[in-house]
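The values are calculated or read from the model by the stated rules, or taken from the named source; none is laboratory data. Just so you know, these numbers come straight off a predicted model, no measurement behind them. FYI the Cβ positions are ideal-geometry reconstructions off the backbone, even for glycines, and counts take in every protein chain you see. These area figures cover heavy atoms from the full protein model, side chains too; ligands, DNA and RNA do not enter into them. Shrake-Rupley method; radii C 1.70, N 1.55, O 1.52, S 1.80 Å.
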Amino acid sequence: MHVTKAWAGTAARLLLAAVLGYAGWVKIRDLTEAGRTVALYRLVPEDSAQLVGGVLPFIEVALALLLIAGLATRAVAAATAVLMVTYIAAIASVWARGLSIDCGCFSSGGTVTSGAERGYVIDIARDVVFLAAAVLLVRHPRTRYALDRWVLDTKER
């Protein structure tokens, strides 16, 4: 693998790990509020929103830990890409329906009284950048300082 791609992939892997780890950790600290935030999107019934809000942070942290370790990088990057597409679609849906909420991506979320439209553009743009990082890892999963190199590719050693 070209050295530049390996380092770019490493940066993408660590960026996504930091983002998912932080986002998950913030939500784990108050799972009830995380469920309420999911409910604000009005995409799933209230009971399901509590379940999604309770499970999603643990998925984010698990993906972050796997990305930090560089283990199953392609599969984890694909799962992260699916998560980012889901987040982008959910935010776009809220925007299209005229709802004014904080996405709850890195906080407990909530209703926003003004400036939500600008916030949605920023949230979507940010998630598109994270989606691009995940796609890069799907295409080039071999990165520096990753367990994948030791577990999956013994001939590279």
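Descriptive notes on the structure:
- Residue list for segment 47-102, filter: open to solvent by less than 50 Å² (accessible area, probe 1.4 Å) and charged (D, E, K, R): E60
- Pairs meeting the criteria (first residue in segment 126-155 and small (G, A, S), second residue open to solvent by 60 Å² or more (accessible area, probe 1.4 Å), beta carbons under 7 Å, at least 6 apart or on different chains) are A133/L15.
- Index of the failed condition, D47 passing every other in (1) closer than 24 Å to A133 by Cα; (2) of a type in the set (D, E, K, R); (3) over 14 Å from the mean Cα position of the chain (by Cα): (1)
- For segment 118-130, a residue qualifies if it is surrounded by fewer than 20 Cβ atoms within 10 Å (Cβ to Cβ) and either within 15 Å of A79 (Cα to Cα) or touching a helix residue (DSSP H, G or I) at 6+ places or on another chain (Cβ under 7 Å) (or both), and the qualifying residues are I124, V128.
- Filtered residue count, segment 76-121, keeping only those that are modelled with pLDDT of 95 or more and part of a loop (DSSP other than H, G, I, E, B): 0
- Segment 81-108 residues that are on the phi > 0 side of the Ramachandran plot, paired with ones that are open to solvent by 40 Å² or more (accessible area, probe 1.4 Å) (beta carbon under 8 Å, 6 or more apart): G104/L40
- For segment 36-46, the count of residues that are in contact with a strand residue (DSSP E or B) (Cβ under 6 Å, 6 or more places away or on another chain) and either at pLDDT below 95 or open to solvent by less than 70 Å² (accessible area, probe 1.4 Å) (or both) is nonzero.
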